[in-house]
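In what follows, a single structure is set out as structure tokens and then discussed.
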Amino acid sequence: MGIIATIFIGLIIGLIARVLKPGNDQMGWVMTILLGIGGSMVATYGGQALGLYHAGQGAGFIGSVIGAIVLLIVVGMIRKR
């Protein structure tokens with residue numbers, strides 16, 4: 001997958017995660033893209049650790065959104081400190 005496609009999918013996943021998680025998550029476009037890409041990575045490696053995915057198999061769209069929501073929760077907890 002090209003870098004432009006990765007950025008676009010990261011943006012879509014990040015936006016959906018921000019809409020689904022209640023609360024005020026103030027971040028710009030770049031952080032939203034990084035949130036989506038990071039959520040996909042969390043879902044992929046977390047799924048592999050739990051035995052849901054095999055090595056080399058990526059997480060699906062829903063798994064990526066859930067991973068991004070988990071990242072939003074973790075970042076929210078760190079910002080409160």
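Values in this text are rule-based calculations from the coordinates and carry no lab data. Here the structure is a predicted model, which means the values were calculated and not measured. Here the Cβ positions follow ideal geometry from the backbone for every residue, glycine too, while neighbour counts run over all protein chains shown.
The table that follows gives values for the structure above.
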{"item": "Whole-Hz couplings from phi, Karplus 6.51/-1.76/1.60, listed for region 17-34; x for Gly and Pro", "result": "5, 5, 6, 6, 8, x, x, 9, 10, 7, 7, x, 5, 5, 5, 5, 5, 5"}
{"item": "Value at 222 nm in deg cm²/dmol, rounded to 500, when DSSP H runs of n ≥ 4 in the chain each add -39,500 (n - 2.57)", "result": "-25500 deg cm²/dmol"}
{"item": "Peptides ranked, highest mean first, by Cβ atoms within 10 Å: ranges 7-20, 44-57, 66-79", "result": "7-20, 66-79, 44-57"}
{"item": "Stretch gain in nm, segment Val74-Ile7, where the contour uses 0.36 nm per residue and the Cα spacing is subtracted", "result": "21.9 nm"}
{"item": "Vicinal HN-Hα couplings computed from phi for region 40-46 (Karplus, 6.51 cos²θ - 1.76 cosθ + 1.60; Hz; Gly/Pro x)", "result": "5, 5, 4, 5, 5, 6, x"}
{"item": "Calculated from backbone phi, Karplus (6.51, -1.76, 1.60) coupling profile of region 47-59 in Hz, x at Gly/Pro", "result": "x, 5, 5, 8, x, 7, 10, 8, 4, x, 9, x, 6"}
